Amino acid sequence: MLLYVASQILAQMPGQNMQPQAPAGFGAKIEQGLNFAFYIGIAMAIVGVMVAGITLLMSRREGSSEEATAMAMRIGFGAMILGGATSIVGAFL
């Protein structure tokens, strides 16, 4: 009998029926931080597109546009990742 009780106690998983909850106001702070990061990302993407456009213009004049085109592609991919990441994070919130 004692062995049975001991095995039942040892077999129980600690924290089995727990329902974790975030502290009050924590979700709003996280959402505010994500919104702030998103706006910074948008501003950086806009500046990046402007810089890429200026660089493409200057490279076309000089006749070497391969590096500027690669930079524009990186900025475009970065903007796509930024847009996709916010959609994925928004789905989880």
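The values are calculated or read from the model by the stated rules, or taken from the named source; none is laboratory data. From a predicted model like this one, the values you see are computed outputs, not experimental measurements. So basically every Cβ, Gly included, is an ideal-geometry build from the backbone, and we count neighbours across all protein chains shown.
Could you check segment 33-54 and list, in sequence order, the residues that are closer than 18 Å to Phe77 by Cβ and surrounded by 13 or more Cβ atoms within 10 Å (Cβ to Cβ)?
Residues satisfying the conditions are Phe38, Gly41, Ile42, Met44, Ala45, Gly48, Val49, Val51, Ala52, Gly53.
Yes or no: Met58 surrounded by 11 or more Cβ atoms within 10 Å (Cβ to Cβ), at negative phi and either at pLDDT below 80 or aromatic (Phe, Trp, Tyr) (or both)?
So Met58 fits the description; yes.
Look through Ser59, Ser87 and report the one residue that is under 23 Å from Glu31 (Cβ atoms) and assigned to a helix (DSSP H, G or I).
Residue meeting the stated conditions: Ser87.
Look at Ala68 and say whether it is free of Cβ contacts under 8 Å to residues at least 40 places away in the same chain, part of a helix (DSSP H, G or I) and under 30 Å from Gly90 (Cβ atoms).
Answer is no for this residue.
Could you tell me which numbered condition Leu93 fails, if it satisfies all but one of (1) at pLDDT below 75; (2) surrounded by 10 or more Cβ atoms within 10 Å (Cβ to Cβ); (3) of a type outside the set (Gly, Ala, Ser)?
(2)
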